[in-house]
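Below is one structure, written out as structure tokens, with a few remarks after it.
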Amino acid sequence: MQYYFPSCKFTQMKPETSEKIKRFMESEGARVVGCCRPGHKALSGWNDIAITVCETCSIIIGENRPAAKVISLYEWIDGLAGFPFPDYKGERITLQDCYRAKAKAAEKEAVRNVLRKMNMEVVELSGTEDELRFDGKFLFSPISAGNLALAPRRFAEIQKDITEKTAEEADAWLKEYCRRFQTKRVACYCNSCFAGLEQGLPEGKAAVHVAELLFP
């Protein structure tokens, strides 16, 4: 059985896009589940596939339902025959990877694949892993007690990379980081990354979620 987890934060952030995705997933036979925190309990067997649009959802589901296969929306669409990819007519767009996806080679490859299938030229950032480590403001405050309780193993690992910042320090860091972007639009596939880009990008540049591009 295929289950789609629409992400509470993504749905709040992009309600119209979220509704489009949910309708599409239902048309493809996937069961749309609500919040991942109670929703992960719907998964039970080795044949279950959880499709997510949120890095936190992926962590929580993966740690609580190890028998299920957890993949991103982008991996699923990349492998779907006949998906109606929009045509962005060769637009150059910079892609910002998410810190929490650094070990997810399949997800990162799928994101790039779907961008190219939408006739976009993907501009890669240059720099070391440390220089390009980005997750919006996620890494600037302690992991929430709720997240640690639901996925203690993975979130304890992430906690080691937390560097606490005040709101003013975070704002300054985001603005400085975002000075590196040269294209008009910057794409990402993470809720926290999107919020961080929106806060940090200068006037004249805009953040866009890959899911928005897929479902305009």
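The values are calculated or read from the model by the stated rules, or taken from the named source; none is laboratory data. All values reported here derive from a predicted model rather than from experimental measurement. Cβ coordinates were reconstructed from backbone atoms using ideal geometry, including for glycine residues, and neighbour counts include every protein chain displayed.
Across the stretch 85-99, the qualifying residues are those that are assigned to a loop (DSSP other than H, G, I, E, B) and among the hydrophobic types (A, V, I, L, M, F, W, C), and the one among them that is farthest from Arg133 (Cα to Cα) is Phe85. Arg100 passes every criterion in (1) in contact with a strand residue (DSSP E or B) (Cβ under 9 Å, 6 or more places away or on another chain); (2) under 26 Å from Glu26 (Cα atoms); (3) charged (D, E, K, R) apart from (2). Among the conditions (1) of a type outside the set (Asp, Glu); (2) in a helix (DSSP H, G or I); (3) loosely packed, with under 13 Cβ neighbours inside 10 Å, Val111 misses just one, which is (3).
Conditions (1) in the same structural domain as Thr17 (by TED's automatic domain parsing); (2) surrounded by 13 or more Cβ atoms within 10 Å (Cβ to Cβ), marked per residue:
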| site | (1), (2) |
| --- | --- |
| Ile71 | yes, yes |
| Cys98 | no, yes |
| Leu115 | no, yes |
| Met118 | no, yes |
| Leu125 | no, yes |
| Ala145 | no, no |
| Pro152 | no, yes |
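Taking first residues from the stretch 203-214 that are closer than 21 Å to Lys108 by Cα and partners that are assigned to a helix (DSSP H, G or I), the Cβ contacts under 6 Å between residues at least 6 apart in sequence or on separate chains come to Ala207/Phe194; Ala207/Leu197; Ala207/Glu198; His209/Phe194; Val210/Val111; Ala211/Thr17; Glu212/Thr17. Note on the stretch 1-80: enclosed helices (runs of 4 or more DSSP H) holding 1 or more residues that are of a type in the set (Phe, Trp, Tyr) and in contact (Cβ under 8 Å) with a residue 12 or more places away in the chain are 8-13, 15-27, 73-78.
Every residue, every condition in (1) closer than 23 Å to Ser192 by Cα; (2) in contact with a helix residue (DSSP H, G or I) (Cβ under 6 Å, 6 or more places away or on another chain), yes or no:
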site: Lys9; (1), (2): yes, yes
site: Lys20; (1), (2): yes, no
site: Met25; (1), (2): no, no
site: Asp48; (1), (2): no, no
site: Glu55; (1), (2): yes, yes
site: Gly62; (1), (2): yes, no
site: Lys69; (1), (2): no, no
site: Trp76; (1), (2): yes, no
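Screening the stretch 162-183 for residues that are touching a residue at least 40 places away in the same chain (Cβ under 8 Å) and of a type in the set (S, T, N, Q) and picking the one that is surrounded by the fewest Cβ atoms within 10 Å (Cβ to Cβ) gives Gln182.
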